[in-house]
1. Can you tell me, using C-alpha contacts under 8 Å and at least 6 residues apart, the relative contact order of the stretch 1-105 as a whole percent?
2. Among T238, T90, T279, which one moves the most in a GNM of the chain with springs linking Cα atoms closer than 10 Å?
3. Which residue fluctuates most in the GNM of the chain (Cα springs below 10 Å): P64, P129, P315?
4. Can you send over the carbon and sulfur percentage of the accessible area for the stretch 146-269, probe radius 1.4 Å, protein chains only?
5. If I take every Cα pair under 8 Å that is 6 or more residues apart in the chain, average their sequence separation and divide by the length, what percent do I get for the relative contact order?
6. Short version: ³J(HN,Hα) in whole Hz for each residue of the stretch 42-49, in order, from phi by Karplus 6.51 cos²θ - 1.76 cosθ + 1.60 (θ = phi - 60°), x for Gly and Pro, what are they?
7. Among V347, V21, V157, which one shows the biggest mean-square fluctuation in a GNM of the chain, springs joining Cα atoms closer than 10 Å?
8. What residues have an amide H closer than 5 Å to that of F248, excluding those fewer than 5 places away on the same chain, when H is modeled at 1.01 Å from N in the peptide plane?
Amino acid sequence: MSQPVNIVSKLPKVGTTIFTVMSALASEKGAVNLGQGFPDFDCDPALVDAVTQAMKTGLNQYPPMAGVPVLREAIANKIRALHGHAYDPTSEITVTAGATQGILTSILCAVHAGDEVIVIEPAYDCYVPAIELAGGIPVFVQMTVTSEGYSVPWDKVAAAVTSKTRLIMVNTPHNPTGSILKKADIDALADIVRNTGILILSDEVYEHMVYDGQSHESLCRHPELSPRTFINSSFGKTYHVTGWKVGFVAAPAALTAEFRKVHQFNVFTVNTPVQYGLTEYMTNPAPYVDLPAFYQHKRDLFREGLKNTRFKLLPSEGTYFQCVEYGAISDLPEAEFSKWLTTEIGVAAIPVSAFYNTPKESGIVRFCFAKKDETLRLALDRLAKL
């Protein structure tokens, strides 16, 4: 008899994600899915036309490993115009197969077995598995949450630093909380890493979704932080094409050289015609310059409608997510409340507890408002029962 095949999992704690669970339940119950974070509307037809034209003109073979030069130049020009930081497109910009691949590759190239990585919770679910695959040790610091929203307790981040700390992960605008890092936060982070060899991974995929006239404080703006930071971003989020899975990482040359050593062996390179199509589309800055107003309209529509419910709204300063407290409605745990809301009210949400290594019950769920106005109104009609 043949021996049974056995494999020891490198990620034994990973199961089906909450996003998959809630989307499946929403589909089964016919609920409005405000759980998983993707638009239910199409991208600009001009972007599709640009990619189609690239395909038709024969741009369908392997591009350079780091990305087509004209796209890297366009990315560098955009960053310089918005943030005043000059990245060399040849040695400091790499096109990735989405931000998740960029995050994984950043961690794999920087973190060695036994290194500690500080993770600020709640945190997006790809962070910790990537650290564990690299042999790193995640060290968790929880954000403070009050009626005024979420904030990073930088004193606790500083206290978590040890001689083994290799990397600190930050996310602004922040998923799932909708908070943003402000200049004082960036300065506090700089104080922590000054005179150390600690690197930073900054997840900035929602960089163009910051509201109420506030600015996105990219870490590349800070002269002390930019030399030690991997900036990760996403065309999918910016241009409403999450399924295309194209993003980029900007980092100083020394970090990029190590990043590309891993990048060339875990993905090598990224879809050629999409890269050329994005380059053509980026000649017009209006789609990303106007994005804050586009999503602020949806945020305001959704928040105004939620005032007719017993939810308590937390601030949504960025991203396309709205967190709400539901204590006046139910005392169920967050995951159970999310399932109840999906099944009985017909609107799917995500429990914020799912974004913690050890689930933390705060009585808060997250809605996604990256939806057509009519989708949001339908959800609000149903939520008005609460």
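1. Working: 40 pairs, mean separation 14.9, N = 105.
Computed over the stretch 1-105, the figure is 14 percent.
2. T90
3. Evaluated over the chain, the most mobile residue of the options is P64.
4. Numbers: 2370 of 4530 Å².
Roughly 52 percent, rounded to a whole number.
5. Numbers: 751 pairs, mean separation 95.9, N = 386.
About 25 percent, as a whole number.
6. Running phi through 6.51 cos²θ - 1.76 cosθ + 1.60 with θ = phi - 60° gives 7, 7, 5, x, 4, 5, 4, 4 Hz.
7. Result: V21 has the largest fluctuation of those listed.
8. Amide H neighbours of F248, under 5 Å, 5+ apart: T96, S233, S234, F235.
The values are calculated or read from the model by the stated rules, or taken from the named source; none is laboratory data. What you see is a predicted model, and the numbers here were worked out from it, not measured in a lab. As a convention, Cβ positions derive from the backbone with ideal geometry for all residues, glycine included, and neighbour counts pool all protein chains shown. To get the accessible areas, we keep the full protein, side chains included, count just its heavy atoms, and leave off ligands, DNA and RNA. Shrake-Rupley method; radii C 1.70, N 1.55, O 1.52, S 1.80 Å.
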